[in-house]
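K.L.:
What follows is a single structure, and I will ask about it in a moment.
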Amino acid sequence: MTVAKVPLPEVPIGEWTVLRPHTAPGLFAYRHVQADELLQLPDYAEGDMSREQRRAALDKAVEFKRPMTALVIFLNVVALEDFLRDLGARLADVRGFTTFFPKAAGLATRPRTSKPGKPYARLDQEPISSFLDFEALNQLYETCLGVRPVDPAHFPRLYDLALLRHTVAHHGAIIRAVDVPRFKYYEVQEKRLINPPVEFVKETCRFVYGVGREFETKIQDRVFSELISRLDPSWQEQAPQILVDLIEVFSYFGKLLEDNEPVPMIADSAEMEKHMREKSERFRQELIRLCLADVKNAYGGASNAV
C-alpha cells in the first residue's frame, strides 16, 4: 500500500548567490557565509513601524534568515540522538544494575579492543552504529532491558528527520538529488534549501520531544517494575542505594520544588557556600522522598527478593 507523503513546507524566498553551492568549493564557501550571517540580526529600530509591527517583522525574520529554522530541527534531532545514547549509558553505569538486568552493560560505550592507529582516533565505540537507526535501537533495548521503547509507527517520520539532520550537518541544508528517494514521510525536492516555517518547526520539535519522553517513560516503567518486583519488601522502610541512584538517573521524575526560604544575611562567601550546599542537600532528600512515594504507588512491592 502506498502511503501519501507529507509535503515538507518551505518559506519561499528568492535567493541568488555567486558561490555556486552545486560545487564542492562553492558549497564550502556558502556554508561559511550561512554561519557568519547567523551572527547578524536585522535592525528594525528605525522607521515608521509600530511596536507590534516590529515584533511581527522580527518573528518573520527567523524564516528569512536561512537556515535558522532548519538549524532548530537539527538541534532537536541531535538532542534526541544524544538522549537515546546517554540514558542507556547512565543506566549501565549504575552500581548493581546488572544484578537485575544482566545484559545492561551492552548499552554503554566500551573501549576498543585494539589500540587505534592514530592518536586522535576514538578510544571507545558505540553499541550500535547509529542511535538514529530506530529499529536497531529497539533491538538493542529489547536485548538489554526487555523493552522496545520507540513506537514503530513513528519510524518513517523519524528516519526522515534524521535525514534532514544529516543534510543540515553535511550538505549546507540543501537536499541532494541522491537523497530524495530516501524520504518516506516527507515529500521533498532536490536542490532546495530546507527552510520550513516557524509553526511547522515548533510542531516538529514537539513531536521529537514527545518521542524522547515516551522513550524515557517506557524505560523507566520497565526498570522500576523489574527492580521493585525483585527487592525485599523492606525497601519501603530503607531505600537501597540502587533505587536512589536510579531516581537520580531519571532526573527525580521531573519534579521541582519551590524555594520560598529567605536568603540569610551572610557576609562570608565560605559560609554562604556552606549554607547553599546544606540547602541543596535538603532539597535533594525531599525530592527523593517524593519520588519514593511515586515508586510505591506505581510499582508496589513483591516478596520475591533477589
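K.L.:
Would you mind stating whether residue 42 is outside any helix (DSSP H, G or I) and either touching a helix residue (DSSP H, G or I) at 6+ places or on another chain (Cβ under 7 Å) or at pLDDT below 80 (or both)? Break it down into steps so the answer makes sense when it comes.
P.N.:
Numbers: outside any helix (DSSP H, G or I): yes; either touching a helix residue (DSSP H, G or I) at 6+ places or on another chain (Cβ under 7 Å) or at pLDDT below 80 (or both): yes.
Answer is yes for this residue.
K.L.:
If residue 29 meets every condition in (1) of a type in the set (A, V, I, L, M, F, W, C); (2) in contact (Cβ under 8 Å) with a residue 60 or more places away in the chain; (3) touching a Leu at 6+ places or on another chain (Cβ under 9 Å) apart from one, which number is that one?
P.N.:
Just one mismatch for residue 29, condition (2).
K.L.:
Among the residues of the stretch 115-162, write down those that are surrounded by 13 or more Cβ atoms within 10 Å (Cβ to Cβ), hydroxyl-bearing (Ser, Thr, Tyr) and more than 19 Å from the chain's Cα centre (by Cα).
P.N.:
Result: 143, single match.
K.L.:
Looking at the stretch 133-141, is at least one residue more than 30 Å from residue 250 (Cβ to Cβ) and aromatic (Phe, Trp, Tyr)?
P.N.:
Applying the first criterion (more than 30 Å from residue 250 (Cβ to Cβ)) to the stretch 133-141 yields none.
Taking every residue of the stretch 133-141 in turn, none turns out to be more than 30 Å from residue 250 (Cβ to Cβ) and aromatic (Phe, Trp, Tyr).
K.L.:
How do the helices (runs of 4 or more DSSP H) wholly within the stretch 60-173 filter down when requiring 3 or more residues that are closer than 26 Å to residue 36 by Cβ and touching a Lys or Arg at 6+ places or on another chain (Cβ under 7 Å): which remain?
P.N.:
Working: elements: 68-92, 97-100, 134-145, 155-170.
Filter on the stretch 60-173 gives 68-92.
K.L.:
Output the residues belonging to the stretch 1-21 that are assigned to a loop (DSSP other than H, G, I, E, B), within 33 Å of the chain's Cα centre (by Cα) and modelled with pLDDT of 80 or more.
P.N.:
Answer for the stretch 1-21, where residues must be assigned to a loop (DSSP other than H, G, I, E, B), within 33 Å of the chain's Cα centre (by Cα) and modelled with pLDDT of 80 or more: 4, 5, 8, 9, 10, 11, 21.
K.L.:
So, in the stretch 188-210, how many residues would count as being in contact with an Asp or Glu (Cβ under 8 Å, 6 or more places away or on another chain) and either among the aromatic types (Phe, Trp, Tyr) or more than 21 Å from residue 170 (Cβ to Cβ) (or both)?
P.N.:
The number of residues fulfilling the criteria is 2.
K.L.:
Of all residues in the stretch 263-278, how many are assigned to a helix (DSSP H, G or I) and surrounded by 13 or more Cβ atoms within 10 Å (Cβ to Cβ)? Full working, then the answer.
P.N.:
First, the residues of the stretch 263-278 that are assigned to a helix (DSSP H, G or I): 269-278.
Next cut, surrounded by 13 or more Cβ atoms within 10 Å (Cβ to Cβ) only: 272, 275.
Total meeting the criteria: 2.
K.L.:
When you scan the stretch 94-104, do you find a residue that is of a type outside the set (Ser, Thr, Tyr), touching a residue at least 12 places away in the same chain (Cβ under 8 Å) and touching a Gly at 6+ places or on another chain (Cβ under 7 Å), even just one? Talk me through it step by step, then tell me what you get.
P.N.:
From the stretch 94-104, those of a type outside the set (Ser, Thr, Tyr) are 94-97, 100-104; that's our starting set.
Going one step further and asking which of them are touching a residue at least 12 places away in the same chain (Cβ under 8 Å), we end up with 94-97, 100-101, 103-104.
Filter once more, keeping what is touching a Gly at 6+ places or on another chain (Cβ under 7 Å): none.
Among the residues of the stretch 94-104, not one is of a type outside the set (Ser, Thr, Tyr), touching a residue at least 12 places away in the same chain (Cβ under 8 Å) and touching a Gly at 6+ places or on another chain (Cβ under 7 Å), which makes the answer no.
K.L.:
While we're here: Does residue 181 satisfy the condition of being more than 30 Å from residue 100 (Cα to Cα) and modelled with pLDDT of 95 or more?
P.N.:
Details: more than 30 Å from residue 100 (Cα to Cα): yes; modelled with pLDDT of 95 or more: yes.
Considered against the rule, which asks whether it is more than 30 Å from residue 100 (Cα to Cα) and modelled with pLDDT of 95 or more, residue 181 comes out as yes.
The values are calculated or read from the model by the stated rules, or taken from the named source; none is laboratory data. For clarity, every value in this text was computed on a predicted model and none was experimentally measured. Virtual Cβ from ideal backbone geometry, glycine too; neighbours counted across all protein chains shown.
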